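Reviewing the structure listed below.
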Amino acid sequence: MSAAVITASASVLVAVLVFVLNQRAQIRQERRQARLARVNSQLRELYGPLNALVEVNERVWEALRDSGLPGKADRSPLRADSDWRRWRNQALRPVNLQMRDLIVEHADLLIEPDLPQALRDFCAHVASLEIVLAAEADGVHERALIGHPGAPFATYVRESFLRLKQEQQHLLAAVDRPREVRAE
C-alpha cells in the first residue's frame, strides 16, 4: 500500500470516528436537556410551590407554638378554643388544601414511582380534617382520625426540593458546556 492510500484511509477513519463521537455527544446532550426539562417541570409545578407552602405553614405553626398555643391535650375537640380553631381554619387549612391539591394534581411529577408515605399520610390527614370540620358544623366535636405527619412530611418536601435544585444546577452546567469532538 502506498503512503497516499494509508493517509487517505486514516483520514476517512478519523472523520468517521469524529462523526460517531459527535453523534454520541449530541445524544448525551439531548438526554441532559430532556432531563433538565423534566426537573424544571418538577420544580415549577410541584416541588417548588409545595416547598414554599410547607415553609409558610411551618412558620405559622412555629409562631403559634411560640405564642402559647394550647398543648395537644388542650386542643382536644371539646376543649379547643376559638383562637385555635380560627388559626386552624383560616391559616393552616387553606394552605394544607393547596398542598394536597398540588400533590394530587401533579402526582406524575413525583421523584419516586409511587406516592411516598409522608405524602400519603398528609393527604389522608387533610381528608380526615374535612370530616372533623363537617362534624363541627353539625355541632359535633371530634379529633381527626388521621393526624398530621409532621416532621416526616416537611423533611420529605425540603429534601426533595433541594435534591432537584442540585440536579438542576448540575444539568444546567452540563448543558452550558457541551463537548464536541473536532477533527484536527
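Using 0.36 nm per residue and subtracting the Cα-Cα separation, the extra length available between Leu162 and Arg143 on full extension is 3.4 nm. Volume per residue for the stretch 74-159 equals 98 cubic angstrom (convex hull of Cα atoms).
Relative contact order of the chain: 38 percent, from C-alpha pairs under 8 Å at least 6 residues apart in sequence. The heavy atoms of Leu17 offer some 100 square angstrom of accessible surface to a 1.4 angstrom probe. The GNM of the chain, with springs linking C-alpha atoms under 10 angstrom apart, assigns the highest mean-square fluctuation among Ala118, Ala15, Ala127 to Ala15. Note on the chain: the C-alpha convex hull projects to 14.4 nm² when averaged across all orientations. Using the Cβ of Tyr156 as centre and a radius below 14 Å, the other residues enclosed give a net charge of -3, where K and R count +1 and D and E count -1. Here, the stretch 93-138 has an Rg and a Dmax of 12.1, 40 Å when only alpha carbons are counted. Per-residue ellipticity at 222 nm, computed for the chain from helices alone with -39500 (n - 2.57) per DSSP H run of at least four residues, works out to -23500 deg cm²/dmol.
Using just the C-alpha positions of the stretch 111-181 as equal point scatterers, what log10 of I(q)/I(0) does the Debye formula give at each q in 0.15 1/Å? For the stretch 111-181, the Cα-only Debye profile gives -0.66.
The values are calculated or read from the model by the stated rules, or taken from the named source; none is laboratory data. Note that the coordinates shown come from a computational prediction; the quantities given were computed from them, not determined experimentally. As a convention, Cβ positions derive from the backbone with ideal geometry for all residues, glycine included, and neighbour counts pool all protein chains shown. Note: areas computed on protein heavy atoms with side chains; ligands, DNA, RNA excluded. Shrake-Rupley method; radii C 1.70, N 1.55, O 1.52, S 1.80 Å.
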